[in-house]
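Take a look at the structure set out below.
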Amino acid sequence: MKEIYRTYEDTQVVQLATNVECPYCGREWQEYDKDECGRTYTLICGEEDDGCGEQFKMYFDAN
């Protein structure tokens with residue numbers, strides 16, 4: 001079987017994840033592709049699994 005070797009130099013970021021914490025219940029998760037500077041995103045806690053179901057806004061800033 002052939003083998004190859006790679007290092008971090010051979011990697012690239014293909015998708016960014018933003019760490020989110022619900023301001024209502026404190027649940028934490030990651031949102032993908034919510035990383036445009038100056039944009040406000042409307043999120044729902046637990047939209048795909050357990051969470052409080054509350055809707056809130058998240059402002060993204062790269063600072």
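The set of residues in the stretch 1-13 being modelled with pLDDT under 85 and either part of a strand (DSSP E or B) or closer than 25 Å to Asn63 by Cα (or both) consists of Thr11, Val13. Within the stretch 16-24, can one find any residue that is of a type in the set (Val, Ile, Thr) and exposed (fewer than 10 other Cβ atoms within 10 Å of the Cβ)? Checking the stretch 16-24: not a single residue is of a type in the set (Val, Ile, Thr) and exposed (fewer than 10 other Cβ atoms within 10 Å of the Cβ).
Based on this model, can you work out whether Lys57 counts as touching a Ser or Thr at 6+ places or on another chain (Cβ under 7 Å), surrounded by fewer than 13 Cβ atoms within 10 Å (Cβ to Cβ) and of a type in the set (Lys, Arg)? I'd like the intermediate steps shown before the answer.
Values: touching a Ser or Thr at 6+ places or on another chain (Cβ under 7 Å): yes; surrounded by fewer than 13 Cβ atoms within 10 Å (Cβ to Cβ): yes; of a type in the set (Lys, Arg): yes.
Taking the combined requirement at face value, the residue satisfies it.
Exactly one residue out of Tyr24, Tyr41 is part of a strand (DSSP E or B) and not polar (S, T, N, Q), and it is Tyr41.
Would it be correct to say that Asp50 is more than 12 Å from the chain's Cα centre (by Cα) and modelled with pLDDT of 85 or more?
The answer is yes for Asp50.
The values are calculated or read from the model by the stated rules, or taken from the named source; none is laboratory data. From a predicted model like this one, the values you see are computed outputs, not experimental measurements. Here the Cβ is made from the backbone with ideal geometry for all residues, glycine too, and neighbour counts use every protein chain on show.
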